[in-house]
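Below is one structure, written out as structure tokens; the observations come after it.
Values quoted throughout were computed directly from the atomic coordinates according to the rules given, and no laboratory measurement underlies them. As the structure is a computational prediction, the values presented were derived from the model and not from experiment. Glycine gets a Cβ as well: all are built from the backbone with ideal geometry, and neighbour counts include every protein chain shown.
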Amino acid sequence: MKLLVTGGAGFIGTNFIKYWLTEHFDDEIVNFDKLTYAGNLENLKDLENNPHYKFIKGDVADPDDVRVAMTGVDIITHFAAESHVDRSILAPATFIKTNVLGTQVLLDAAVEHKIKRFHHISTDEVFGSLELNDHEKFDENTPYDPRSPYSASKAAADHLVRAYYHTFKLPVTISNCSNNFGPYEHPEKLIPLAITNLLEGVKIPIYGDGKYVRDWLYVIDHCRAIDLILQTGKIGKTYLIGGLTKDISNIEVVKMICEIMNKNFDQSVEFVKDRPGHDRRYSVDWSKINKELKWKPDHDFKTWLQKTVEWYKNNKTWWKRVKSGEYQEYYQKQYGQK
Ligand code: NAD
Ligand code: TYD
């Protein structure tokens, strides 16, 4: 089986490629990535000499780039996206180009190449915001109500994927997952930002009152869910994927990180201006994928947050190079100019 993994040099894509080649070592993977600021090929250095792994630099929104990558591909797992809400508020246009146009270009190529499965990786953020102190959760029937340019662009992409299933009979599946955490996450996102700021003695910025709730899932549980959907998921269906946390606020997450790292919370944080349109609460009901595909999260938040802290402590060079931008020189040194 040959898989085209778009966005494989990003956080979840990197973890997925490593997971896949461990679990399915006979398969071939083509990692197709534009290497934006979020793509870091150094993550996959250990696979450079693996004959089952190949990297192709390209843009999902460019039909010529996509055509080159598509040769002999059986399955597409589409991770490539602009993924950071704060950046989508500063500059929405790239989000529309990559997340919406890029998905459409890839879908067209998938139809043309008669791809056996197009799996689209999406987010719980397409459903909008839940109330605090409420027991409501998102499920597969929750209406879409995206509220940031990021979530709106992901929602548009989800609609396109379903449209290609109905109109062109493209064999698609979609997963909407909650917030992931784990190794190789860019330190612009809350958990790695908090850990690396503490390691550097810099205060952790907490937006607004900090009483925002996210549903957290360890990244490998997400990869395993995608694997199961590819193996036994029903064509045309959507699966929600979520974690084991019970309404944990950003303040509580940061407090846990401070405790793990023996730091005083009050001295380590600063409350800063809120994010515009900040979604209050996300919570995911993952009973459908549990019932139909027997998936459940294996990794509890506390233990794996500790392990994530350890990973960042042990990989200082990795995140220091990311924070300084040095990792971006790696592609040029390794592969030369495109
Ligand atoms: P990321 O920002 O870490 O990585 C994105 C990758 O896509 C990078 O390697 C980047 O270079 C690549 N990319 C960006 N634009 C591209 C383009 N035009 N063409 C080709 N490659 C391009 O993102 P992530 O956190 O790994 O998220 C991956 C996917 O999972 C995204 O679709 C995101 O919406 C979804 N998702 C993420 C989370 C999360 O918590 N991180 C949760 C649910 C869903
Ligand atoms: P983030 O990691 O950006 O993921 P998302 O917005 O996609 O859920 O943020 C997680 C939560 O942490 C969100 O409520 C915003 C908040 N946050 C802060 O309070 N401070 C920060 O510096 C960042 C990056 C996020």
Open item on the list: Test of the criteria: in the stretch 24-124, which chymotrypsin sites (Phe, Trp or Tyr not before Pro) are in a DSSP loop and have at most 10 other Cβ atoms within 10 angstrom of their Cβ?
Closed with: PHE25
Task: Note, ³J(HN,Hα) from phi for the stretch 213-225, Karplus 6.51, -1.76, 1.60, rounded to Hz, x at Gly and Pro - done: 10, 10, 9, 9, 9, 5, 4, 5, 5, 5, 4, 5, 5
Open item on the list: What FRET efficiency comes out for ASP46 versus LYS211 if R0 is 45 angstrom and r is the Cβ-Cβ distance? Round to the nearest 0.05.
Closed with: 0.65
TODO: Quick one: among LEU293, LEU217, LEU106, which has the greatest mean-square fluctuation in a GNM of the chain with alpha-carbon springs under 10 angstrom?
DONE: LEU293
- [ ] Excluding residues on the same chain fewer than 8 positions from LYS255, give the lysines whose Cα lies under 19 Å from its Cα.
- [x] LYS189, LYS203, LYS211, LYS246, LYS263, LYS302, LYS307, LYS313
Task: Straight-distance crosslink candidates among lysines, where the alpha carbon sits under 26 Å from LYS234 and sequence neighbours closer than 8 are dropped - done: LYS2, LYS18, LYS114, LYS116, LYS137, LYS154, LYS169, LYS288, LYS291, LYS294, LYS296
TODO: Count the DSSP beta bridges whose two residues both fall in the chain, then state the antiparallel fraction as a percent rounded to the nearest 5.
DONE: 10
Open item on the list: If neighbour count is taken as other Cβ atoms inside 10 Å, put ASP124, ASP285 in order from fewest to most.
Closed with: ASP285, ASP124
Open item on the list: Nothing charged except the Cβ atoms of Lys and Arg (+1) and of Asp and Glu (-1): what's the magnitude of the dipole of the stretch 252-335 about its Cα centre? Round to the nearest 20 debye.
Closed with: 180
Task: Unit charges on C-beta of K, R, D, E only; dipole of the chain, Debye - done: 240
Open item on the list: To make sure I understand the rule: partners must be aspartates and glutamates, Cα under 12 Å from the Cα of LYS34, and not fewer than 8 residues away in the same chain. Which ones qualify?
Closed with: ASP59, ASP62, ASP65, GLU82
- [ ] Putting +1 on Lys and Arg Cβ atoms and -1 on Asp and Glu Cβ atoms, find which of PHE271, THR245, THR71 reaches farthest to the positive end of the dipole of the chain.
- [x] THR71
Task: Calculated from backbone phi, Karplus (6.51, -1.76, 1.60) coupling profile of the stretch 179-184 in Hz, x at Gly/Pro - done: 5, 8, 9, x, x, 6
Task: Table column - 3J(HN,Hα) (Hz), the stretch 231-246, Karplus curve with 6.51, -1.76, 1.60, x for Gly and Pro - done: 6, 10, x, 8, 4, x, 9, 10, 10, 8, 10, x, x, 9, 6, 9
Open item on the list: So if I average 1/r over every pair of distinct C-alpha atoms in the stretch 211-310 and take the inverse, what Kirkwood radius in Å does that give?
Closed with: 15.5
Task: Nonlocal amide H pairs with TYR239, under 5 Å, H built at 1.01 Å - done: ILE174, SER175, ASN176
Open item on the list: Going by amide H atoms built from the backbone, whose H comes under 5 Å of the H on PHE271, apart from near neighbours?
Closed with: ILE206
Task: Cut-off of 10 Å, at most 13 other beta carbons, DSSP loop: longest stretch of the chain lacking such GluC sites (Glu not before Pro) - done: 137-325
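Taking the square root of 5 times each eigenvalue of the Cα gyration tensor, what semi-axes in Å does the equivalent ellipsoid of the chain have, largest first?
30, 24, 19
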Open item on the list: Quick check on the chain: helices-only [θ] at 222 nm, where DSSP H runs of length 4 and up contribute -39,500 (n - 2.57) each and the sum goes over total residues. Nearest 500, please.
Closed with: -12000 deg cm²/dmol
- [ ] Express in whole angstrom the spacing between the alpha-carbon centres of the stretch 63-142 and the stretch 199-266.
- [x] 20
Task: Low-density loop positions, trypsin sites (Lys or Arg not before Pro), the stretch 250-320 - DSSP coil, at most 10 other Cβ in 10 Å - done: LYS273, LYS294
Task: Sorted by Cβ neighbour density within 10 Å, fewest at the top, the residues HIS166, HIS113 - done: HIS166, HIS113
Task: Extension gain from ASP86 to LYS246, taking 0.36 nm per residue of separation minus the Cα-Cα distance - done: 55.1 nm
